[in-house]
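Enquirer: Structure below; questions to follow.
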Amino acid sequence: MACQGEGKERYLWQQVDAEGEQQWGVRRETFVDRRDIPLKTGTGGKPELVVRKSSSSFEDIGLKPDGAEWTGDLTRTRSAHAAAEREFAAAQKAVENAKTVEEKAAASQRLTAANSALTDAKVTLKTAVRGARPVAVAHWVKAAEEAAATALKDGAKSGHFQIYPIDTEQVKFGRDYFVGDIVTVSVDGEEYSDIVKEVNISVEDGGRILDVSPKIGDQGTGETVSHRVGDEGKAAKTGNKDVK
């Protein structure tokens, strides 16, 4: 997963499915370009936020995906700074429009106070921006991790199975389990749960049943084992029966 940054500063996040690699014996790598995630590699290899200078010389750390500021403190200080800018502009206008000595003196005092308040507001806003940066970094790191996990899931290898159990004296179809039952099959130490959806019955001309072959699984249907166990198996967990 590659985010923003150029050259050595480009931030990379690697996520490995160690369990899947061990199970399937296959190692695949996928490169995902996510330059929309504003992270770069900083000191010590840690992620840093990609920032730009705004027209007012403040660091532009962007907004949340919903358009809000990263912290409540940043929301308040940005609002206070905007109010201070408006007052400073109004004070300048008052100086320009002052006619009498008294008006000029009052306008001058107002401008001095507005300038001082604007200076303080700038310092406070810069501090709030610095304080919000870790929050933004944490959000985008999580976004990178989730994007990597999604890519890993999309590229995951899936398996299908179909099993034809043989009747024994211990377990028999028609006596111990039937079509529609959820059964658990143990194969080489691995257990799989699925619904018995079909049974093939062979009958000779005289009507004697020659063979009963229940089918467990959906070979070739495109449905993964994990999906069916997770959705249907849990819903009917109390009806599980074991076929060894």
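Coordinate-derived values only; no laboratory data. Not measured: the values here are computed from a predicted model. Positions of Cβ are generated from backbone atoms using ideal geometry, with glycine treated the same way; all protein chains shown enter the neighbour counts.
Enquirer: What list do you get for 194, 60 if you sort them by fewest beta carbons within 10 Å?
Expert: Values: 194 23, 60 14.
Listed from fewest to most nearby Cβ atoms, that is 60, 194.
Enquirer: Something else: Which of the aspartates and glutamates could a cross-linker bridge to residue 172, judged by Cα under 20 Å and excluding same-chain residues fewer than eight apart?
Expert: 181, 191, 194, 198, 211, 242
Enquirer: Which aspartates and glutamates, if any, have their Cα less than 15 Å from the Cα of residue 122, not counting same-chain residues under 8 positions apart?
Expert: 59, 60, 73, 85, 87
Enquirer: Which of the GluC sites (Glu not before Pro) across the stretch 1-56 are loop residues per DSSP, with 14 or fewer other Cβ within 10 Å? Spell out each step's value before the answer.
Expert: On the way: sites: 6, 9, 19, 21, 29, 48; in loops: 6, 29.
Those satisfying the criteria are 6, 29.
Enquirer: Related question: With respect to the cross-link table entries 46/142; 53/93; 153/197, which display a Cα-Cα separation exceeding 22 Å? Intermediate values should be presented prior to the final figure.
Expert: Working: 46/142 14 Å; 53/93 28 Å; 153/197 28 Å.
Pairs exceeding 22 Å: 53/93; 153/197.
Enquirer: Right, here's the next one. Work out the FRET efficiency for residue 175 and residue 29 from their Cβ-Cβ distance, taking R0 = 30 Å, and round it to the nearest 0.05. Before the final figure, lay out the partial values.
Expert: Working: r = 50 Å, r/R0 = 1.68.
Using R0 = 30 Å, I get an efficiency of 0.05.
Enquirer: List the trypsin sites (Lys or Arg not before Pro) in the stretch 162-207 that DSSP assigns to loop (not H, G, I, E or B) and whose Cβ has at most 16 other Cβ atoms within 10 Å. Which are they? Display every interim value, and only then the final one.
Expert: Details: sites: 172, 175, 197; in loops: 172, 175.
Qualifying residues, ordered by number: 172, 175.
Enquirer: For a Förster distance of 25 Å, can you work out the FRET efficiency between the beta-carbons of residue 63 and residue 93, rounded to the nearest 0.05?
Expert: Values: r = 31 Å, r/R0 = 1.24.
The computed FRET efficiency comes out at 0.20.
Enquirer: Tell me, in nm to one decimal, what length is gained between residue 101 and residue 188 on full extension, where the rule is 0.36 nm per residue of separation less the Cα-Cα distance?
Expert: Working: separation 87, 0.36 × 87 = 31.32 nm, distance 9.92 nm.
Once the chain is fully extended between residue 101 and residue 188, it gains 21.4 nm.
Enquirer: Another question, then. Summing Lys, Arg as +1 and Asp, Glu as -1, what charge do residues with Cβ under 12 Å from the Cβ of residue 92 carry, residue 92 excluded?
Expert: 0
Enquirer: May I ask you to compute the full-extension gain from residue 151 to residue 199, defined as 0.36 nm times their residue separation minus their alpha-carbon distance, rounded to one decimal in nm? Mind dumping the intermediate values first?
Expert: Details: separation 48, 0.36 × 48 = 17.28 nm, distance 3.82 nm.
Here the segment from residue 151 to residue 199 would lengthen by 13.5 nm.
Enquirer: Now for a separate question. What does DSSP give for the stretch 1-68 in terms of the percent of beta bridges that are antiparallel, rounded to the nearest 5? List each step's numbers first, then the result.
Expert: Numbers: 7 of 8 bridges.
So the antiparallel bridges amount to about 90 percent of the total.
Enquirer: Of the chymotrypsin sites (Phe, Trp or Tyr not before Pro) in the stretch 9-60, which ones lie in a loop per DSSP and count no more than 11 other C-beta atoms within 10 Å?
Expert: Working: sites: 11, 13, 24, 31, 58; in loops: 11, 13, 31, 58.
In loop regions of the stretch 9-60 (DSSP not H, G, I, E or B), the sparsely surrounded chymotrypsin sites (Phe, Trp or Tyr not before Pro) are 31.
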